[in-house]
There are 2 protein chains.
Amino acid sequence: MEQNIRLDVNHMMADMLGSEHGITKEQLAAMQEAAAAAQHAVEANRGKGWLGWMELPYNQEEIVSKIEEVAAHVRATYEYFVVLGIGGSALGPIAVHQALNHLHYNELPASKRPGPKFYVEDNIDPERMAALFDVIELPKTCFCIITKSGATAETMSQYLIVTEALKAEVGEGWAKQIIAVTDHEKGNLIKLAKENGFETFFIPDGVGGRFSEMCPVGLVPAACCGIDIRAMLAGAAAMDARCKSDDMMKNPALLEAVLQYIASEQMGRNVQVMLPYADSLKYMADWFCQLWAESLGKNVKRDGTPCHAGQTPAKALGVTDQHSQLQLYNEGPFDKVITFIKVENFRSETKIPKGCEEFKDVAFLGGMTHNTLIEAERQGTEYALYVNKRMNQTIVMPEVNAYTLGQLMFFLEMATAYEGELLNIDAFNQPGVETSKRATYAILGNTDAKYDAARQEMTGRPAFKAEYIL
Amino acid sequence: MEQNIRLDVNHMMADMLGSEHGITKEQLAAMQEAAAAAQHAVEANRGKGWLGWMELPYNQEEIVSKIEEVAAHVRATYEYFVVLGIGGSALGPIAVHQALNHLHYNELPASKRPGPKFYVEDNIDPERMAALFDVIELPKTCFCIITKSGATAETMSQYLIVTEALKAEVGEGWAKQIIAVTDHEKGNLIKLAKENGFETFFIPDGVGGRFSEMCPVGLVPAACCGIDIRAMLAGAAAMDARCKSDDMMKNPALLEAVLQYIASEQMGRNVQVMLPYADSLKYMADWFCQLWAESLGKNVKRDGTPCHAGQTPAKALGVTDQHSQLQLYNEGPFDKVITFIKVENFRSETKIPKGCEEFKDVAFLGGMTHNTLIEAERQGTEYALYVNKRMNQTIVMPEVNAYTLGQLMFFLEMATAYEGELLNIDAFNQPGVETSKRATYAILGNTDAKYDAARQEMTGRPAFKAEYIL
């Protein structure tokens, strides 16, 4: 079977949509120089600075072997595997698990699962932590704590809760149940890991949270629930090999970056909807939403010029959201690009039996499969968007497996890096979350002097008015 | 405890954000006449046309009693409860179940669950149907088929699959395991229900899919998983009572509609992010996304004037998405309204133990609760949005329970109805999904002559070009 994913952008183009609503060849041509420069810049900085993630398909042989060894032990030993992490430390693990494991994985008997029951705790909702403790048994649980700095408040508060509970219930030996994924020398977690003797994996320098799925952040959880991480990395490498050209018509990630740049910056499409037609890829849309939003949502260019960049990624699911969002996509403002993900070969076939012969509008379904129906509906939706002159494109996955998933994620990472170049912003920082953090610490009364300013500053906000609270 | 939900719009206003980025009193005043007219129009048409849902809190005494009776039987008899439905027949049941039941409900032992294991099958992914059959036992499963017309292809294909499997495995008596929720006289499903003797509940006239949560569409699944549906309806009635004024400053749903109208139509905020800070409300955001998108995404006004209306609803989750979307919200374009949902009292308390005393940036968390932390982070985020002059508002829920949930859903329904009036569009139809349906049927080769035109029309699309597929 063909194993390369493909990008089909026919429905982005003026050839299909007309020049008012589609992108013309002239617009593409005008971008070729900038596109080539973006490709050169990214390629030239491969492995350097925050582009460390580009080397992950190639430089982890030893680490992968150790992960596989530890994962084999986890799978043989534990009934529950809990990731404590948030943002980039959670979205990748969730997306890959959902894509490659059974859709009701935790409800299967142990004999039908490739690993322990799997949980990712990426929020601090107090009801959620209580709910988790209702369904796991502490002595049979492996906890994987993922935070580069060891200062992430959400994750470290969970660490405090979990380690106290483990010490109380398991006693000596509690530390054997913990895997730490963190920086190799900086921060709190590496110190705690050394002090307590946790099994530890490192987040390499130059790999930020949202680009970390192909390092131990993603690989450890994936391997612990039975996923072929070598195939994922091979998929990433295969996509990387397709991103060597500076000709956008020969480099899918570069073409994607250019099209989204034109769509958002020149044609007012400030929303991009990621619309997989497969339940298995539902959380891949969440992973993409972080990658795209946090990388590109910036208020300053690299030359210091103020800007307000960033297309808003939205997530949806086909066919389900045809019954929820499609009305808006078809008739609402011309403010969106719809990105389908199409799966060519599903891993199951569901036949629709004949029946209801008296009802013509039901009977015609008999003898078909859900496989046929879901793709026909995707094509019907694509056609409707075309009729309504709405930009859309399709990422085609021959099948959902570790190899194609590796390609897909690396493709989106490369497109994000190129898009940062085109926008001339820093795609790898996230200064915009600092105000919120400082304010939170100030509200919590953290006595550290560095929050004095935040506390002071917050008193400057106008008072809330009762008339505006109904 | 105070049981009324509240809407706090302080951070929408120029008083807080300044007049460039906030809404002024003058802008509000200029809308008062239109707002009053919208309120009058909706109130005058209560119960008529597609405003049948407005009467649901009042006219279902007998139906509710029957639902409770059937639900008691289902809870006593079955181990699995499967909803077959899509769009409005699925999003409400999912949202209410997630909000009011345990976050790992299906993983609890039967003795700790108020009802059978609960599944909502709202997609036709072939892997998903296979996955469902892996985890249920057909003889112990009650299927609830929800479709008004009985012609929804997704749901009826599932009906064919499920009924064939039931007949094969259970034989005579299979029909006792099915509950139909459908139109009282029109369509296929009511005929099948009569023919086979299914337990049947009716979707009242004048209640469209996305406004159907308070009728049997939502009430039957809710009651079958142990939810207090009378409290939900009482909550809806309580909100309705607060929507009697035509003064927007005294009617929260009317104020909400006016603010979103100004934000989207006059100030370019074409995206609204629904951002609950509670895992239990995560799927309430999905439910809202259908309500808002499908109701308001329209290309023609009621007077026939072309338009392209509709704010794009996006869904997020706090605090989780602070680590994914907040960077964009704070620094990206001024194109969004952020709608927080804040929960005042969670149903659990999670204490953070002391520890890590050597690390000041972790130790300060010790002795707090996740309850304190999640709200401090919400306030920190609200403050950061304020600093960056981003419109935001907060729906405050004293607690998440059936009564407050009834209020919340009715509030959002009323705001949607008012918004339709302000936009002068039909908020209750969905013509924009027809092209997609017709194309799908044409692609599938449905031989009905009514698809001839669609088949013919589709041949007019330009050919796909190979150069645009990478």
Please report the Cα spread of chain B along all three principal axes, rounded to whole Å, starting with the longest.
67, 61, 58
If we hang a label 7 Å off Cα along the beta carbon direction at A:ARG46, how far is it from the matching labels on the other copies, in nm, shortest first?
6.9
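Where the accessible area of the stretch B:148-273 is counted over protein heavy atoms with a 1.4 Å probe, how much of it, in %, is carbon and sulfur? Don't jump to the answer; show the numbers that get you there.
Details: 1900 of 3850 Å².
So the carbon and sulfur contribution to the accessible surface is 49 percent.
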Considering only DSSP beta bridges with both partners in chain B, what is the antiparallel share in %, to the nearest 5?
10
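Compute and list, largest first, the equivalent-ellipsoid semi-axes of the stretch B:393-470 from the alpha carbon gyration tensor, each √(5λ) rounded to a whole angstrom. Please report the intermediate quantities before stating the final value.
Values: eigenvalues 365, 66, 44 Å².
Semi-axis lengths for the stretch B:393-470 are 43, 18, 15 Å.
So what is the relative contact order of chain A, in percent, for Cα pairs below 8 Å that sit 6 or more residues apart? Walk me through the intermediate numbers first.
Working: 788 pairs, mean separation 102.1, N = 470.
Result for chain A is 22 percent.
How big is D, in µm² s⁻¹, for the stretch A:98-173 by Stokes-Einstein at 25 °C and 0.890 mPa s if Rh is the Kirkwood radius over C-alpha pairs? Present the calculation step by step, with values, prior to reporting the outcome.
Details: Rh = 14.1 Å.
Calculated translational D: 174 µm²/s.
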Mean separation of Cα pairs under 8 Å and 6+ residues apart, divided by the residue count of the stretch B:169-321: what relative contact order is that in percent?
14
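Find out how many positive minus negative residues lie around A:PHE198, taking Lys and Arg as positive, Asp and Glu as negative, among other residues whose Cβ is under 12 Å from that of A:PHE198.
Working: positive: A:LYS176, A:LYS191, A:LYS194; negative: A:GLU195, A:GLU199.
Overall, the nearby charge balance is +1.
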Sorted by packing (mean other beta-carbon atoms within 10 Å per residue), highest first, where do B:360-369, A:173-182, B:407-416 land?
B:407-416, A:173-182, B:360-369
Mind pulling the per residue volume of the convex hull built on the Cα atoms of the stretch A:152-305? Å³ is fine.
188
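Given N residues in the stretch A:280-393, what is its alpha carbon radius of gyration divided by 2.2 N^0.38 Å? Write out the running numbers ahead of the final one.
Numbers: Rg = 19.0 Å, N = 114, 2.2 N^0.38 = 13.3 Å.
Relative to the 2.2 N^0.38 Å estimate, the stretch A:280-393 comes out at 1.42.
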Considering only the stretch A:336-456, what is the antiparallel percent among its DSSP beta bridges, to the nearest 5?
10
Cα shape, the stretch A:311-378, gyration tensor, a/c 1.5 rule:
oblate
What value, in deg cm²/dmol to 500, does the helix sum -39500 (n - 2.57) over DSSP H runs of n ≥ 4 give at 222 nm once divided by the residues of the protein assembly as shown?
-13500 deg cm²/dmol
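Determine Rg/Rh for the stretch A:151-205; Rg is computed over alpha-carbon atoms and Rh is the Kirkwood hydrodynamic estimate from the same atoms. Intermediate values should be presented prior to the final figure.
On the way: Rg = 11.3 Å, Rh = 11.7 Å.
Taking Rg over the Kirkwood Rh, I get 0.97.
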Across the identical copies, how the A:ASP448 labels are spaced - nm, sorted shortest first, 7 Å along Cα→Cβ:
6.4
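Specify whether the C-alpha gyration tensor of the stretch A:224-270 places it in the rounded, prolate or oblate class, a ≥ b ≥ c being the square roots of the eigenvalues: rounded for a/c under 1.5, otherwise prolate if a/b is larger than b/c and oblate if not. Kindly include the intermediate steps, with their values, before the conclusion.
Working: a/c = 6.68, a/b = 1.87, b/c = 3.57.
The shape class here is oblate.
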Could you pull out every residue, at least 5 positions away or on a different chain, whose amide H is within less than 5 Å of the one on B:THR369? Hs are placed 1.01 Å off N in the peptide plane, and Pro or chain starts have none.
B:ILE352
Whichever lysines have a C-alpha closer than 18 Å to that of A:LYS244, once near sequence neighbours (fewer than 8 apart) are set aside:
A:LYS48
Taking the Cβ-Cβ separation of B:ALA72 and B:LEU138 as r and a Förster radius of 22 Å, what is the calculated FRET efficiency to the nearest 0.05?
0.50
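Counting only other chains, and only Cβ atoms inside 10 Å, what mean value do you get across the residues of A:444-452?
Mean shielding by partner chains, rounded to a whole number: 3.
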Note: A:113-126 gets an average of partner chain Cβ contacts (10 Å, Cβ to Cβ) equal to 5
Which of the three applies to the stretch A:314-470, rounded, prolate or oblate, going by the alpha-carbon gyration tensor with a ≥ b ≥ c and a/c under 1.5 meaning rounded?
prolate
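First select every other residue whose beta carbon is under 12 angstrom from the beta carbon of A:LEU412; then total the charges, Lys and Arg +1, Asp and Glu -1.
Details: positive: A:ARG210; negative: A:GLU213, A:GLU256, A:GLU413, A:GLU419.
Counting the neighbours of A:LEU412, the net charge comes to -3.
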Got the A:ASP134 label distances to the other copies yet, label 7 Å along Cα→Cβ, in nm, shortest first?
2.5
The stretch A:279-356 - percent relative contact order, Cα under 8 Å, separation 6 or more
22
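Could you check what % of the DSSP bridge pairs in the protein assembly as shown are antiparallel, to the nearest 5?
15
Can you give the Rg/Rh ratio of the protein assembly as shown, where Rg is from the C-alpha atoms and Rh is the Kirkwood radius? Can you show the working numbers first?
Working: Rg = 26.7 Å, Rh = 28.4 Å.
Rg/Rh: 0.94.
For a distance above 21 Å, tell me the whole-number percent of Cα pairs in the stretch A:1-90 that qualify. Spell out each step's value before the answer.
On the way: 2686 of 4005 pairs.
Pairs farther apart than 21 Å: 67 percent.
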Under the definition of partner shielding as Cβ atoms of other protein chains within 10 Å of a residue Cβ, what is the mean value for peptide A:285-297?
4
Taking θ = phi - 60°, what integer Hz values does the Karplus form 6.51 cos²θ - 1.76 cosθ + 1.60 yield along the stretch A:228-239, in sequence order, with x for Gly and Pro?
7, 6, 5, 5, 4, 5, 5, x, 4, 5, 4, 5
Would you mind checking A:LYS389/B:LYS389; A:LYS336/B:LYS148; B:LYS25/B:LYS342; A:LYS360/B:LYS117; A:LYS342/B:LYS301 for any pair whose Cα atoms are more than 29 angstrom apart?
A:LYS389/B:LYS389; A:LYS336/B:LYS148; A:LYS360/B:LYS117; A:LYS342/B:LYS301
Could you give the C-alpha radius of gyration of the stretch A:347-439 expressed as a fraction of 2.2 N^0.38 Å, taking N as the number of residues it contains?
1.77
Can you name the residue in chain B whose Cβ lies closest to the B-to-A rotation axis, and give that gap in whole Å?
B:ALA314, 2
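I need the peptides B:94-104, B:447-457, B:25-35 ranked by packing, meaning the mean over residues of other C-beta atoms within 10 angstrom, with the highest value on top.
Values: B:94-104: 21.5, B:447-457: 12.9, B:25-35: 15.5.
Ranked by mean Cβ neighbours within 10 Å, highest first: B:94-104, B:25-35, B:447-457.
The values are calculated or read from the model by the stated rules, or taken from the named source; none is laboratory data. No experiment lies behind these values; they were computed from the predicted model shown. Counting neighbours? That spans all protein chains shown, and the Cβs are built from the backbone with ideal geometry, glycine included. Accessible surface is based on the protein model in full, side chains and every heavy atom, while ligands, DNA and RNA are left aside. Shrake-Rupley method; radii C 1.70, N 1.55, O 1.52, S 1.80 Å.
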